[in-house]
1. Suppose we filter B:Asp291, B:Asp275 for residues that are open to solvent by 10 Å² or more (accessible area, probe 1.4 Å) and closer than 27 Å to A:Ala183 by Cα; which single one remains?
2. Name every residue in segment A:324-362 that is open to solvent by less than 30 Å² (accessible area, probe 1.4 Å), more than 10 Å from chain B (Cβ to nearest Cβ) and part of a loop (DSSP other than H, G, I, E, B), in order of residue number.
3. Among (1) under 16 Å from the mean Cα position of the chain (by Cα); (2) modelled with pLDDT of 95 or more, which single condition is A:Tyr332 missing?
4. Among the listed residues A:Thr191, A:Thr118, identify the single one that is modelled with pLDDT of 95 or more and either at negative phi or hydrophobic (A, V, I, L, M, F, W, C) (or both).
5. Scanning for something at the interface with chain A (Cβ under 9 Å from one of its Cβ atoms), buried (at least 23 other Cβ atoms within 10 Å of the Cβ), outside any helix (DSSP H, G or I) and under 19 Å from the mean Cα position of the chain (by Cα), does segment B:248-258 turn up at least one residue?
6. So which residues in segment B:72-112 are in contact with a Gly (Cβ under 8 Å, 6 or more places away or on another chain) and aliphatic (A, V, I, L, M), if there are any at all?
7. Contact list please: Cβ distance under 8 Å, first residue in segment B:73-94 and open to solvent by 30 Å² or more (accessible area, probe 1.4 Å), second residue part of a helix (DSSP H, G or I), pairs at least six apart or on different chains.
8. Among the residues of segment B:23-48, which ones are under 28 Å from B:Ile255 (Cβ atoms), in contact with a Leu (Cβ under 8 Å, 6 or more places away or on another chain) and at pLDDT 70 or above?
Number of protein chains: 2
Amino acid sequence: MTMSRRELIKGIGASAALTLTGAPALAQQPGRAKVIDIHGHYTTVPQAVRQFREQQLAAVRNGSQTTTLERVTLRFSDDQIRESVQEQLKFQRERGTDVTLFSPTAGAMGHHLGNEATSIVWSRICNDMIHRVCTLYPNNFIGVGQLPQSPGVSPRNCVGELERIVKELGFVGVNINPDPSGAHWRDPPITDRFWYPLYEKIVELDVPAMLHVSASSNPNFQGTGGHYIAGDTTVFMQLLMSDLFKDFPTLRFIIPHGGGAVPFHWGRYRGLAQDMKRPPLTELLKNVYFDTCVYHRPGIELMLKTIPIDNILFASEIVGAVRGVDPESGHYYDDTKRHIDAMTFLSDADRQKIFADNARRVYKLKV
Amino acid sequence: MTMSRRELIKGIGASAALTLTGAPALAQQPGRAKVIDIHGHYTTVPQAVRQFREQQLAAVRNGSQTTTLERVTLRFSDDQIRESVQEQLKFQRERGTDVTLFSPTAGAMGHHLGNEATSIVWSRICNDMIHRVCTLYPNNFIGVGQLPQSPGVSPRNCVGELERIVKELGFVGVNINPDPSGAHWRDPPITDRFWYPLYEKIVELDVPAMLHVSASSNPNFQGTGGHYIAGDTTVFMQLLMSDLFKDFPTLRFIIPHGGGAVPFHWGRYRGLAQDMKRPPLTELLKNVYFDTCVYHRPGIELMLKTIPIDNILFASEIVGAVRGVDPESGHYYDDTKRHIDAMTFLSDADRQKIFADNARRVYKLKV
C-alpha cells in the first residue's frame, strides 16, 4: 500500500508553454495576503478522477479486489490540472480574494462508501491532487486535506495520512468528517475518546481541523442544505457539553457554513450552557471558529454582530454548494466577501481580522 | 383498546373551592386575543404522569404485557392539574400573552421508545391531560395534540387519534414527529407517500401540523440544541425538494424554533432551490410557517427581516427548552415577546399578524 507521488501521477507531461492564466494576486500585492478564503473545495477535478472513483466503488460492490495504490494509474498533465482550476482563479480575481485554503470536495470524501482500504486510496489521490494544484499555483492555493476515515474504524488509522499531508505535502489543516456513516450518525460523537488518537496527532502537528460532513446516504438528509447544516449545528452542541478542550487546550476546530444554525440560535446555546451548568460559550470560543459561508446579507450581519470577530474566518465555499447568481442582486449567492465589505459597522481592524489575521492565527499561516 | 375519558381520569375530585389563580386575560380584554403563543408544552405535568411512563416503558423492557388503556388508572384532582400549570399562567401574565396553543411535552413523546401499543396509550394520556388543562382554563390554553407514532409503523395508524383529538377534544392542531426513530432518521422523509394517509386526514380536518421531533436516542444529537434544530432544518430541505404541496395544497406546516437554521441560511436555500430548478421559496411559503422561538434579539431581527411577516407566528416554547434568565439582560432567554415588541421597523399591522392574525389564519382559531 505504498506508492510514491511520482508513481501516482506518472505520465504527466510538463507543459511549459502553457497560456492558461494564473492569478498572481500576491505578486501584484507584495507582502502578505489581504484576503484569505479558508474554505474552498476542488469540485472541478478532471473527469478522470470521478471515473476512477466510480470504478473503485464498483469494484467494492462487485467484490473484486479492492483497488490498491499500486494499481492506480491516474494520469494528468499539468495543463489538465491548470484547466480545472480556472473557475476558482476567476472567482479569486473577480472578488478580490488573494489565496484559498483548498481541500478535496467535501461531498466526495464519501467515507461511508467502500471500506477503509478504499478510503485510504481515495484520500491519497484527492490529497495529492490538491498538492499538485498548490504546487502549480503557490500564490493562490494552500492545501488542506481529507482523511481516510471509515465508519466504525478508529480515527487512529488516519494518523499516517494526516502526518503525510502536513509533513510531506505542507498542508496547513485537515477536514474531519464528524459522521463517517453518511448521515446515519453511527460513530461516537466527536467529543468521545474514540477520536482522541487523531486529536493527539493534530495537536502535535499544530494544525486546525474543519469539522465538515461529507455526502448523505440517508434520504432524510439532502447534502448541502440538510446534512451539512444539521451536522454543523449538532457538532457545536456536542462540543458545548464536553470537556474536550480541557484535554486538548490547543486543539482548534472550524465549524463551516457559518456554524450551521449556531449564530442564529446563539441565545438558545447560551441558555442551554447555563441550564446545563457548563462554562459560558466564550470559553468554547477559545477553540472553536466559524467561517462566513452564509449566503445572504442579513445572515452575515447577524453573524458579525453575534460571534466575536476573533472567531470569524472569511470563506465562501467556492466552487461549491450553491453555484447560481441571485436574480435579485445580480451577484453570486456565494460571493460572501461583498457582504463583509458592505458592513459599515466593522472597523478596518475587524475586517483585517476576518479576511486574514484570524486565518493566519488559526492556521499558523506564513502568508 | 377503547376507554372513555371518564374512565381514564376516574377518581378526580371536583375542587370548587380552589384558590389557585387562573389568568383571565381574555376576560380582562373583551374581544379577541391580542397575543397568541402557538408553541407551549405541558412540561410541568404532575409527577404521577412521569411515573406512569417509566412503569410503562419498564414493562415493555421486561417483556411484560404492554399496558393497555383499560388498565390505566391515573388519578388527578383538578387542583393538581391547576397547580401544575401555574408557571405557564405566570409567564402569560408577566409577558402579556393571552393564550397558548398547548401541546404535550415534545421531548417526552418518545415515539422511539416502547412500541406502537405503548405509543397509543401514552398519546391518549398526554392528549387527555392537555384537554383537561384547556377545559379548566379555556381562556388561557387551546389544545394541540401528539400522535401515537412508532418507528416503521405507517402514519395511517395515527388517523384515529388525530380524529379523536380534533373532533372530540376540540384541538386545533397536531405535532408530527418527522423522525419517530429518535434521531436515527430511519423512517422515510416527511415528503414520502408513507406519510400521505396522515396528511389526507389532516387536510380533511383542516388543522395545521407542527413538525417537531422528540427526544434523541442517538448520542450524537443532544435534544433541545442538537436534534431539534437539526430536525427543523432538514425537514425544510425535504420540503424544498418535494412537490408535496401540489398533492396537498391546503396542508399547513409550522417549523418550530424559528425554522432551525433556515432563516439564517435563507440565501443558501434560495440558491439551492434555484440550482435544483425548484420553484422559488415563496411558493413553499404558501404552506410553511415558522415560529419565533429564537432566544436572542439579533436572531429575531434576522427572522423578521428575512421571512415574510405573514409566515411568522409568535411563540416562546414555554416552559421549555431553555429555562434560565440571561444575566446580561436580566430577562428570561425564552421571553421572545419583548424582542418583537422592541422591533421599531415593524408596523402595528405587522405585529398584529405575528402576535395573532397569522395564528388565527393558520390554525383557524376563533379567539
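The values are calculated or read from the model by the stated rules, or taken from the named source; none is laboratory data. In this text, all values refer to a predicted model and were calculated from it rather than measured experimentally. We place every Cβ from the backbone using ideal geometry, glycine too, and count neighbours over all the protein chains shown. Heads up: the accessible areas ignore ligands, DNA and RNA and are worked out on the full protein's heavy atoms, side chains in. Shrake-Rupley method; radii C 1.70, N 1.55, O 1.52, S 1.80 Å.
1. That would be B:Asp275, the only listed residue that is open to solvent by 10 Å² or more (accessible area, probe 1.4 Å) and closer than 27 Å to A:Ala183 by Cα.
2. Across segment A:324-362, the qualifying residues are A:Asp335, A:Met343, A:Leu346.
3. (1)
4. Within the list A:Thr191, A:Thr118, the selection yields A:Thr191.
5. Within segment B:248-258, none of the residues are at the interface with chain A (Cβ under 9 Å from one of its Cβ atoms), buried (at least 23 other Cβ atoms within 10 Å of the Cβ), outside any helix (DSSP H, G or I) and under 19 Å from the mean Cα position of the chain (by Cα).
6. Of everything in segment B:72-112, those that are in contact with a Gly (Cβ under 8 Å, 6 or more places away or on another chain) and aliphatic (A, V, I, L, M) turn out to be B:Leu89, B:Leu101.
7. From segment B:73-94, the pairs are B:Arg75/B:Ala48; B:Asp78/B:Arg132; B:Asp78/B:Leu136; B:Arg82/B:Leu136; B:Arg93/B:Ala25.
8. Matches in segment B:23-48: B:Ile36, B:Asp37, B:Ile38, B:His39, B:Gly40.
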